[in-house]
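Novice: The structure under discussion is supplied below as structure tokens; questions concerning it will follow.
The values are calculated or read from the model by the stated rules, or taken from the named source; none is laboratory data. Quick caveat, the model's predicted, so the values are computed rather than measured. Cβ: placed from backbone, ideal geometry, glycine included. Neighbour counts: every protein chain shown. In case anyone asks, the SASA skips ligands and DNA or RNA and just uses the protein heavy atoms, side chains included. Shrake-Rupley method; radii C 1.70, N 1.55, O 1.52, S 1.80 Å.
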Amino acid sequence: NWGFWKGVSWQWGQTQQGDLSLLYGRVFPPADAADADRIPGFVGVLGPDGPLGYATNVRITETNDTAGRPTAITITGRSPLLDVTATFRVESRVATSMSQGPLANGVDFLQLRGTYAVTGTARGRPIRLSGPGAAETFRTRPAP
């Protein structure tokens with residue numbers, strides 16, 4: 001549920017290996033600006049000469065520990081040019097308390113480091129990559 005604050009928030013991440021890169025994201029606008037359910041996500045795979053494929057039919061699922069912090073993120077993207085699944089295992093995180101502006105109501109901005117495993121196809125090319133990467137997301141601050 002991303003409707004617990006009034007500011008803009010997002011989920012995004014990236015990884016690369018060899019000549020391939022994966023980038024994904026989704027923006028959650030303030031409720032008075034747009035309906036968040038109507039804003040699609042994005043996932044794209046880039047090769048050495050530019051985009052190999054992208055999709056806006058995207059699902060980004062975050063798995064949390066008992067404290068509500070992400071431990072894994074699964075991204076799936078499907079389109080005529082792209083069919084990928086990426087799994088990100090969180091290895092470390094930095095939480096920044098949002099203490100001013102529209103997010104100053106118990107929200108933490110999380111910057112994550114970890115390892116991605118990506119499989120699928122982009123424009124018919126098999127995609128298999130694994131390696132370090134980053135992600136960002138937001139969470140309500142745990143109660144003290």
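Novice: Could you order Thr66, Thr15, Thr56 so the one with the most accessible surface comes first? Probe is 1.4 Å. Each step should come with its number before you reach the end.
Specialist: Details: Thr66 155, Thr15 0, Thr56 80 Å².
The ranking, largest first, comes out as Thr66, Thr56, Thr15.
Novice: Compute the signed sum of charges (Lys and Arg +1, Asp and Glu -1) over the other residues within less than 14 Å, Cβ to Cβ, of Gln14.
Specialist: Values: positive: Arg26, Arg113; negative: Glu136.
That works out to +1.
Novice: Stretched out fully, how many nm does the piece from Thr96 to Thr115 gain, at 0.36 nm a residue minus the Cα gap? Don't skip to the end; give the middle numbers.
Specialist: Values: separation 19, 0.36 × 19 = 6.84 nm, distance 2.14 nm.
Here the segment from Thr96 to Thr115 would lengthen by 4.7 nm.
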